[in-house]
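Enquirer: Let me give you the structure first, and then I'll get to my questions.
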Amino acid sequence: MSKTTFSSKIGLIMAAAGSAVGLGNIWKFPYIVGENGGGAFLVVYLVCVLLFGMPLIMTEFLIGKRSGKSAYGAFRALSGNNRWQWLSWLCMLTALLIMGFYFVVTGWCFNYLAEALVNAFHGMDMNGLTAHFTQMTSNLPRTIFFSALPVVMTAAVLWFDVNKGIERLSKILMPLLLLMMFLMAGRVLMLDGSNIGMQFFFRFDFSQITPKVVMEAMGQCFFSLSIGMGALITYGAYMPKTQDVPRTSVEVIILDTLVALLAGVIIFPAVFAFGFNPAEGPQLVFVVLPAIFEQMSFAWLSAVLFFTLLCIAALTSTISLMEVSVAFLAEATAKLKHPMDRQKSVLIVSAVVMVLIISCVCVDSLFDAFDEITSCIMMPLGALGMSLFVGWFLPQDGEKGMLSKEKAIKRWARKIFVFFLRWIVPAAIIVIFLNSLGVL
Ligand code: TRP
């Protein structure tokens, strides 16, 4: 069987980092940090990344690489039975729900980019911009149009084989994104008063750590690293056999965390330098940032640059989200009388996603519900399932062992990995679940 793989290691790293780096880093991370008291959240977040992120990214990559299958067939291929198939369906459902709201926010970004290009924010103050944001989000046809735009772009990339579409594009867009972010950060740090924002972001006040902060940090960690719904299983299946899983995982984590930190370094100094409130919520980057740009020199260029990078970051993530469902559908129908090829799957998934988007746009509570349910329940549940699956039900060593082909990982590191998968990750996820249900 000929199997699709990426043509280079760097291509896979860029694609996986492209999946991880997204609105979660640039739009969501700063506003959650802002709402949860700054530095305290950052510390809890970083702990979550080490505790859950590292073992779980490795787990997903390993499942994909060892099985060579998408989220649909991977669990069955490795376990030899159907008992884990619920995890496959959970992955698919999670991907769909995330897309429902993710594309809407991506649409906002495209909308703002279009407006930034024609200098539409010129002369607007905070009140004007707040009204503008509300107006935009309540203009249903416009919102749907701008959400459909990234759907079409994503579908166009997925239309091609993974190494022609996803890989080639990620290798261009990711370095560009990093470069643009460093430029913006440098620009903001030159503002007078930027140090107050840096203090807010980096000062650790442990009294601010509450169960709610921990819960949110965990959800954000899953979301930001794209774990718990099979995105990295899908990419893992495209991993060249010679590529090393632990190393790739570390590289993806470093890139993702770097971008989140950069986003904070861009946003908080600017927010404080101009006397705005960091706890603005979801509208932080859409209202506060344009207001700030208006007060800076090179206002037009800064706004265009920022919204361009937001769109790029979002697109590489929507690509991974949609690829989960496309690969899933193609694989699930492969043995049927009318199998679906990549192109047909792309069309069907796009149509379903459009329905979800329209529901999210028309029913506000659905938008919030999709966001909440996926981050706080479905992704942790998926991650719990995967850690138990690999930790307890699959052999680790020997010919069939999950880690047997990973030459670079040392004995002691293997032991730690397995220990985390068996005990630490499941225990932590369960404790946080019980806590959020009010049981503890
Ligand atoms: N990680 C992306 C972000 O931070 C969002 C995302 C893309 C995602 N693919 C995913 C989240 C898969 C969970 C699972 O914006």
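Enquirer: Got a sec? Which of I26, I98 is open to solvent by less than 10 Å² (accessible area, probe 1.4 Å), closer than 24 Å to V151 by Cα, within 11 Å of the ligand (Cβ to nearest atom) and at pLDDT below 95?
Expert: From the options I26, I98, the qualifying one is I26.
Enquirer: Going residue by residue through the range 393-403, is there one that turns out to be within 30 Å of M215 (Cα to Cα), in contact (Cβ under 8 Å) with a residue 60 or more places away in the chain and not in a loop (DSSP other than H, G, I, E, B)?
Expert: Looking through the range 393-403, at least one residue is within 30 Å of M215 (Cα to Cα), in contact (Cβ under 8 Å) with a residue 60 or more places away in the chain and not in a loop (DSSP other than H, G, I, E, B).
Enquirer: Here are the criteria: (1) surrounded by fewer than 17 Cβ atoms within 10 Å (Cβ to Cβ); (2) closer than 23 Å to T4 by Cα. Tell me which single one R342 does not satisfy.
Expert: In the conditions (1) surrounded by fewer than 17 Cβ atoms within 10 Å (Cβ to Cβ); (2) closer than 23 Å to T4 by Cα, R342 misses (1) alone.
Enquirer: Right, something else. Would a scan of the range 267-280 turn up a residue that is part of a helix (DSSP H, G or I) and open to solvent by 10 Å² or more (accessible area, probe 1.4 Å)?
Expert: Yes; the residues of the range 267-280 include at least one that is part of a helix (DSSP H, G or I) and open to solvent by 10 Å² or more (accessible area, probe 1.4 Å).
Enquirer: Looking only at helices (runs of 4 or more DSSP H) that fall completely inside the range 123-239, which ones have 2 or more residues that are among the hydroxyl-bearing types (S, T, Y) and open to solvent by 40 Å² or more (accessible area, probe 1.4 Å)?
Expert: Here the list reads 126-138.
Enquirer: Search the range 289-346 for residues being more than 22 Å from V105 (Cβ to Cβ) and of a type in the set (G, A, S), and hand back the single one that is nearest to the ligand (Cβ to nearest atom).
Expert: A327
Enquirer: For F307, all conditions in the list (1) open to solvent by 10 Å² or more (accessible area, probe 1.4 Å); (2) in contact (Cβ under 8 Å) with a residue 24 or more places away in the chain hold save one; what is the number of the exception?
Expert: Of the numbered conditions (1) open to solvent by 10 Å² or more (accessible area, probe 1.4 Å); (2) in contact (Cβ under 8 Å) with a residue 24 or more places away in the chain, the odd one out for F307 is (1).
Enquirer: For L289, only one of the following conditions fails: (1) farther than 30 Å from K410 by Cβ; (2) free of Cβ contacts under 8 Å to residues at least 40 places away in the same chain; (3) under 15 Å from the mean Cα position of the chain (by Cα). What is its number?
Expert: For L289, the exception is condition (3).
Enquirer: Quick check on L261: is it of a type outside the set (G, A, S), within 16 Å of the ligand (Cβ to nearest atom), surrounded by fewer than 24 Cβ atoms within 10 Å (Cβ to Cβ) and within 30 Å of T234 (Cα to Cα)?
Expert: Yes; evaluated as a whole, the condition is true for this residue.
The values are calculated or read from the model by the stated rules, or taken from the named source; none is laboratory data. Just so we're clear, the structure is a prediction, and the values are computed from it rather than from any experiment. Cβ: placed from backbone, ideal geometry, glycine included. Neighbour counts: every protein chain shown. Heavy atoms of the whole protein, side chains included, go into the accessibility calculation; ligands, DNA and RNA do not. Shrake-Rupley method; radii C 1.70, N 1.55, O 1.52, S 1.80 Å.
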